[in-house]
Structures are given as C-alpha cells and as structure tokens.
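Trainee: Here's a structure for you.
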Amino acid sequence: MANPETAAVAINVLNKVIRYAVGLGVGASILQTSLYNVDGGERAIIFDRFRGVLDEPVGEGTHFRVPWVQQPNIMDIRTRPRSISSVTGTKDLQMVNMSLRILSKPDEPRLPHIFKTLGMDWEERVLPSIGNEVVKAVVAQYNAEQLITQRERVSRSVRESLMARAADFGIVLDDVAITHLSFGTEFTRAVEAKQVAEQDAERAKFVVMKAEQERNAAIIKAEGESEAAKLISDATKQFGYGLIELRKIEAAKDVAETMSKSRNVVYLPNTGNMLMQVNPNQ
C-alpha cells in the first residue's frame, strides 16, 4: 500500500503543474491576441473601443495591441488596375462607348479618413461613379470626329479631371488611359458612307484625268500624222514619186519576211504585186 505522505506530495506537485500549465496557456493566449502582423504593401488602421479610429496608420511588421480593446484593420496600399466603361453622348449628339483603364491606390496619410468615410471597399464605392461622371463631362465637349482626330487631347483631359476628382476622396491615380472607343450604329454607317463617297470621288477624278490624257494623246497623234502627210506631200511635189516607191519596197520587204516565217499556205496574186491594196501603176 502506498505511503500517504508520498501520495500527498505527488498530488501537490500535480496541482502545481496544472496551475503553471493553465497560467502558461492563458499567458500564451493573451500574448497571441496581443500581436498582429502587417505584410508588405499593407497598412493597419487601429480601431480603439474608447478612442475610435486612430489617426496614424501602422506600418509593416509585427506589432502589439490591447486585446479586446484595439482591433487592427489591414488595408492594401499597392497599385491595382480597374476597368470602367461608360456610354455617353458627344457634342453633336452621337452615342459613344468608352472604356478606361485606371491604376489606383489609397493615399497613405489619409487611410484613417478613407476607412471612416468609405470603408474597406473604397475602390468599389468611388471609382465607378466618378469615372462615369468625368467621362460624360469630357466627351460632351467634343464632336464625334474630334474624339478620333484629337484622341490624345481627350485622353489627357479625362486623366487630369479624374485625378483631381479622385484626390477629393483620398485616392491616388497613377495612370488613366482610354482602352476602347466605339460609336453608335448611325455614326458608323455615316463614316462608311463618307469613305465610299470619297473613294468614288477619287475614282471619278482618275477617270477624268485618264480621258484628258487620252484626248491629248489623240490630238498629238493627229497633229503628228497631219505633219507627216504634209511633209510627204511636199516631198512628192518636189522630188516626184521616188519616196512612195521606197515605201512600197520597204512594205514589200516586211510582207515577204512575215510570209517566210509562216508555216501556213500563202496565196499570192499572179500579178506579182505584194501590196494587194496598192495600185502598182501609181
């Protein structure tokens, strides 16, 4: 049978171990709830049950807080992309579908204000509304044709207006760009009709130029033939028909050379006149 004193000592030691274990467990639990981590590209906004949202955001690293009194809210401060589409009207009442790509992030010193006024989903609350507002205001200042010919100017105007509007909410825009621009069906048909009309006009202009050149060529050819006929007539009057006989000989030579190269049967007149349409007595 075990010694009663030994059993009492063992029970006493066991009770101490249990008390120490409970104490360590409570201490570890309190320590765990007193620590929190802030990763890279993030900031913590502390909500205090007695003082409300603290004015200073907490940077990266491991930090202490008062358990059950202070609650950290982690906010991402890295730049993020977002696309916004808006359908609006131009100055000449044409419908335009414009899409923007926005790179945005919260202004770090104003994070507590953003958390109090907009919450954690500040991007969803602000960017779509101000994006549509700015696009409608800027596009209404231009005609549909100017949106195409002055696209860089329109993009710059949208970017400057949107950056200024976002700054009122504590949002920083690193870049704003127009990624898509399309017009309504009526305007598209009008542009196509204009292009067809311009092509038809260019084609008609070419036809007129071609006809003018052909007319000038015909005139020059007629003038040349007239001048040649005049020279031949003058030469005939002055030197007789020797020039005509020379031309006959040259023509007969060409006919003979052509027939010599032909494999077909050739019938010649029995008069020996190679120039069938020319009177040999002339």
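Trainee: What is the percent carbon and sulfur in the accessible area of the stretch 46-189, measuring with a 1.4 Å probe over the protein chains and ignoring ligands?
Mentor: 50 percent
Trainee: Which value, in debye to the nearest 20, describes the size of the charge dipole of the stretch 80-183 about its Cα centre when Lys and Arg Cβ atoms bear +1, Asp and Glu Cβ atoms bear -1, and nothing else is charged?
Mentor: Dipole size: approximately 20 debye.
Trainee: Right, another one. Give me the mean projected area, in nm² to one decimal, of the convex hull enclosing the Cα positions of the stretch 27-86.
Mentor: The Cα convex hull of the stretch 27-86, projected and averaged over all directions, gives 6.0 nm².
Trainee: Using DSSP to define loop residues, name the trypsin sites (Lys or Arg not before Pro) in the stretch 43-85 whose beta-carbon has at most 13 other beta-carbon atoms within 10 Å.
Mentor: Passing sites in the stretch 43-85 are Arg49, Arg51, Arg78.
Trainee: Another question, if that's okay. Which chymotrypsin sites (Phe, Trp or Tyr not before Pro) in the stretch 47-123 pass both tests, a DSSP loop state and at most 13 other beta-carbon atoms within 10 Å?
Mentor: Those that pass, being in a loop and sparsely packed, are Phe50, Trp68.
Trainee: Please work out the C-alpha center-to-center distance from the stretch 141-160 to the stretch 41-93 and express it in whole Å.
Mentor: 33 Å
Trainee: Also, quick follow-up: What does the stretch 80-183 give for Rg and for Dmax, in Å, if only its C-alpha atoms count?
Mentor: 14.3, 45
Trainee: What nm distance separates the two modelled labels at Thr79 and Arg203, each placed 7 Å from Cα along Cα→Cβ?
Mentor: Rounded to a tenth, the inter-label distance reads 5.0 nm.
Trainee: Oh, and also: Starting from the residue with the highest accessible area, list Ile171, Ile77 in decreasing order, probe 1.4 Å.
Mentor: Ile77, Ile171
The values are calculated or read from the model by the stated rules, or taken from the named source; none is laboratory data. Everything quoted here is computed from the prediction, not taken from an experiment. Cβ: placed from backbone, ideal geometry, glycine included. Neighbour counts: every protein chain shown. Calculation scope for accessible area: heavy atoms of the full protein, side chains included, ligands and nucleic acids excluded. Shrake-Rupley method; radii C 1.70, N 1.55, O 1.52, S 1.80 Å.
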